[in-house]
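The block underneath contains the structure these notes are about, expressed in structure tokens.
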Amino acid sequence: MNLILVTFIILLAFTSYYFGRKKALVIQSSQRLTALPKFYGYYLAAWCAAPALIIFALWSVFEPSIVKTFILQDYTDQNLTKNELQLIYTKVKALAAGTYTGNITNFLDESANKYIQLKGIANSAKVAIILAILIFSLSFAYRSVQKNDRMREPVEIFLKWVLFVASLGAVLVTIGIVFSLLFEAIRFFQAVKIFDFIFGTHWYPAKTFVRDGQPDPELMKDAFGAVPLFAGTFFIAFIAMCVAIPIGLLSGIYLSEYAGRGVRKYAKPIIEILAGIPTVVYGFFAALTVGPFVKEIGNAMGLEVSAESALAAGAVMGVMIIPFISSLSDDVMTAVPQSLRDGSYAMGATKSETVKKVIFPAALPGIVGSILLAVSRAIGETMIVVMASGLAANLTMNPLESTSTITAQIVVILIGDQQFGDPKTQSAFALGISLFIVTLFLNVIALSVVKKYREKYE
Amino acid sequence: MNSFKKNLLKKRYNAERRFQWYGKIAIGLALSFLAVFMFQIFSKGYSAFQKTWIVTEVHYDKELLLIDAESPSKDDLENADYYDVAYKAMTSLDPGLPEEEDRQLIQMVSYKYEAEVKDLLLKNPDYLGKIVPIKLTASDDVDQVHKGNYPRDIPEENRRVNDYQLQIYDMLNERGDILSEFNISFFTSPDSREAELAGIASSFMGTVFSILVCLAFSFPVAVLAAIYLEEFAPKNKFTDFIEVNINNLAAVPSIVFGLLGLGVLLAVFNLPRSTPLVGGITLSLMTLPTIIIAARASLKAVPPSIREAALAMGASNMQTTMHHTVPLSMPGTLSGTIIGLAQALGETAPLILIGMVAFVNTIPGTPVDPAASLPVQIYIWSESAERGFVEKVSACIMVLLAFLILMNLAAQIVRHKFEKKWS
């Protein structure tokens, strides 16, 4: 139904484009056109499609909740909670669609009939309203075409609005992220104290699983302490940076200061391949090759190593991050003005002394920015940890044991079927918002540092 | 020059050389990581492109098939009972085996062997009543033995293939009745719980659909947004805000987009779970900033002289942009889009959250059928314990990497072939 309606509107818009253009050619015989003939077509097409599609979208967004209010009106005298009402509404919808399998009460049957009726009314009303709008806006637009009004300006203003709305898309995504995370996280913090979440040292959400009724608040208190996850996240990121910073930085220095054009031309893109490999592939590599390898070495040295160690996950993550640091630091060091180098050489410094004492300090802000971006990348990395570092949240500083991270726990909680309204599911969103805040913080600092640095030398 | 100065100079030159070596070592390390990595994947995965068959003989005995009709129709063959015929085909490999041990022989082929026996007769109805050779898919354990991935020297109770089965395998191998052929079914069959039958067709289609949906949603919005921000936006606080927003969005961890997909697309808009439609939309939110940034950069690279010339000829701002600036910026925008899509192609975590990890053993035909995607398939298979899946994962990784390389090559070609150099 909806598809037919939208197709109809679009087809009509196309027809009106051709109609408008033809009309312009007719007008041309008696008076001077105000714009190219195609603008007459665009004008009609825009007036045809835009209002109808906007109304259609608004209608589709609001219709379900209005129908829902009407249906649930019959249940207001029964003193039901929000969740029970929601359940009833789902049942009514299922019954109306013919997929309901529970026992059918009279009341439910009545509601389902009402639902079908309401849907029918809503559908015919929608078609009627949209047709009316189409007729109205088309006749309005046609009149101004007949009057040979200015055609190009309105079309261009319309296009500009379309462009503007598209640019709001990115903002909309951010708003969507913040609200979807906040909405569930706030409900989570109604069940679990925010203090217990931030400072609790024991993460074991599976404990709160209760088939019927409410989970025990005492259990809840001790199950959602996120400290082990925060610690694990930063610990694995730290291991990753221990691998990535020296290798990345030295590669960056070599590429910008020593390497000839040929080496630079080939080595840089090849190193960047490391950043293009999907993380799930790294995860497989870490779990299958690096993990057992670390374990073997550890065992040979007489150490107890778990097969899923923080070290394996962190090291592989570090390899993944190398190009972020090497490419960015290469860029910032190349951007340091040649005059600084020449000055240093003129004082008799060797190349490495110039790098260490002049170029590196000059490029430091940019390098710090690139490292911060890399840290934020490491904190947000998911699959390597899920596959290589185990899923139990241990509070440990031993790189040979397994630890878990925020991202890995989100996956563990949400894999498979989710039950919305369950504190366990909501806890994933609480973790998500803490992850979002931490990475946002790092990104904002990094981007502003890099930006300031760029301004310095431009 | 006195000796003190000489020593100092020597020291400084040594430090210089050392420093240069550090840089070389660092680059060497980075490159060798890549090499080791690729070697591991290829050495483990190439064998998955070979499939092992066991050749035996099957007797399409009318009595055992329970076919009464003199000249049976297609339907009769379709509805016949193949259990005994197939069973006999396998047990005939070692007629001396007591009946209660027969399972050991049956376990050497995939559990779909009965269907394979049936398919052969349906394709060649004249085999009815005859004894014909037949190729049966070997079980993944036999497959691994044949590929040499299975250590034979460990104690029998720790092995999935027991001594008797190994003996039968050796006998067949000597007779030349173990065949190794190119594994077409890896590309044409959907996922399966059995490693020897599992293929990537379902996840491949899932990936293709997700990427198409992602392209359809992100490309138009991103290009329009970039045009507005680069060509029309007034310089004010709000445009600055949009700009900061886009830059930050590009660095948000992918899993957060998965939460967004779960919390908004599934919970609020009630879109169907586990489908490429939802996966594609989620990925499109992620690629949106990447494409916007690329499109803006390539719009910026169009020299102002082009705009000035168009304006001087009396074109309006909109005409200048749409007729000249945007077409000239398209190569850069397109290659940025392809790179953004390649990034989205490798994403796993957001797809797991919106339920694309479900076990799907049908090939999806539309974007609203449940599906997995290649990276998620890698995750699913790598979680299974069976040995046969290790090479499947590596092979799947090879397919995924090939896909990525192709896309990046396409981006390069678009950029170099069509981009105009302004100088």
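The values are calculated or read from the model by the stated rules, or taken from the named source; none is laboratory data. Please read all numbers here as calculations on a predicted model, not as lab measurements. Glycine also receives a Cβ, built like all others from the backbone with ideal geometry; neighbour counts cover every protein chain displayed.
A residue that is touching a Leu at 6+ places or on another chain (Cβ under 6 Å), closer than 25 Å to B:SER180 by Cα and buried (at least 20 other Cβ atoms within 10 Å of the Cβ) cannot be found anywhere in segment B:122-129. Evaluated against (1) free of Cβ contacts under 8 Å to residues at least 12 places away in the same chain; (2) within 31 Å of the chain's Cα centre (by Cα), B:THR290 falls short on exactly one condition, (1).
Looking at B:PHE37, B:PHE49, just one residue is within 14 Å of another protein chain (Cβ to nearest Cβ) and of a type in the set (A, V, I, L, M, F, W, C), and that residue is B:PHE37.
Within segment B:47-79, restricting attention to residues that are within 13 Å of B:GLU114 (Cβ to Cβ) and modelled with pLDDT under 80, the residue that is surrounded by the most Cβ atoms within 10 Å (Cβ to Cβ) is B:LEU65. Could you run through segment A:240-270 and say how many residues are touching a Leu at 6+ places or on another chain (Cβ under 7 Å), of a type in the set (Val, Ile, Thr) and closer than 27 Å to A:ARG341 by Cα? Of the residues in segment A:240-270, 1 are touching a Leu at 6+ places or on another chain (Cβ under 7 Å), of a type in the set (Val, Ile, Thr) and closer than 27 Å to A:ARG341 by Cα.
When segment B:121-140 is examined, which residues are found to be in contact (Cβ under 8 Å) with a residue 60 or more places away in the chain and either among the hydrophobic types (A, V, I, L, M, F, W, C) or under 17 Å from B:VAL109 (Cβ atoms) (or both)?
The initial filter retains those residues of segment B:121-140 that are in contact (Cβ under 8 Å) with a residue 60 or more places away in the chain, namely B:121, B:127-138, B:140.
Passing the criteria: B:LEU121, B:LEU128, B:ILE131, B:VAL132, B:PRO133, B:ILE134, B:LYS135, B:LEU136, B:THR137, B:ALA138, B:ASP140.
Per the conditions (1) more than 12 Å from chain A (Cβ to nearest Cβ); (2) in a helix (DSSP H, G or I); (3) within 20 Å of A:ILE415 (Cα to Cα); (4) not aliphatic (A, V, I, L, M), the sole criterion not satisfied by B:ASP369 is (2). Please indicate, with yes or no, whether at least one residue in segment B:273-280 is closer than 30 Å to B:GLU230 by Cα, within 11 Å of another protein chain (Cβ to nearest Cβ) and either among the small types (Gly, Ala, Ser) or surrounded by fewer than 20 Cβ atoms within 10 Å (Cβ to Cβ) (or both). No, segment B:273-280 contains no residue that is closer than 30 Å to B:GLU230 by Cα, within 11 Å of another protein chain (Cβ to nearest Cβ) and either among the small types (Gly, Ala, Ser) or surrounded by fewer than 20 Cβ atoms within 10 Å (Cβ to Cβ) (or both). Among the conditions (1) under 30 Å from B:VAL142 (Cα atoms); (2) without any contact (Cβ under 8 Å) to a residue 24 or more places away in the chain, B:HIS59 misses just one, which is (2).
One residue stands out in segment B:201-234 among those that are away from chain A (no Cβ under 14 Å) and either among the basic types (Lys, Arg) or within 30 Å of B:VAL390 (Cβ to Cβ) (or both): the one that is nearest to the chain's Cα centre (by Cα), namely B:PHE204.
From the list B:LYS44, B:LYS24, the lone residue that is touching an Asp or Glu at 6+ places or on another chain (Cβ under 8 Å), within 14 Å of chain A (Cβ to nearest Cβ) and either in a helix (DSSP H, G or I) or modelled with pLDDT of 90 or more (or both) is B:LYS44. Among the residues of segment A:414-430, is there at least one that is at pLDDT 90 or above and more than 9 Å from chain B (Cβ to nearest Cβ)? Looking through segment A:414-430, at least one residue is at pLDDT 90 or above and more than 9 Å from chain B (Cβ to nearest Cβ).
Of all residues in segment A:149-204, which are among the basic types (Lys, Arg) and assigned to a helix (DSSP H, G or I)? Outline the logic, then answer.
First, the residues of segment A:149-204 that are among the basic types (Lys, Arg): A:150, A:152, A:160, A:187, A:193.
Matches in segment A:149-204: A:ARG152, A:LYS160, A:ARG187.
On inspection, A:GLY262 fails the criterion of being in a helix (DSSP H, G or I) and touching a residue at least 60 places away in the same chain (Cβ under 8 Å).
Conditions tested, residue by residue: (1) out of contact with any Cys (no Cβ under 7 Å at 6 or more places or on another chain); (2) small (Gly, Ala, Ser); (3) without any contact (Cβ under 8 Å) to a residue 40 or more places away in the chain.
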site: B:ASN236; (1), (2), (3): yes, no, yes
site: B:ILE246; (1), (2), (3): yes, no, no
site: B:VAL256; (1), (2), (3): yes, no, yes
site: B:VAL264; (1), (2), (3): yes, no, yes
site: B:MET286; (1), (2), (3): yes, no, no
site: B:ALA301; (1), (2), (3): yes, yes, no
site: B:ARG307; (1), (2), (3): yes, no, yes
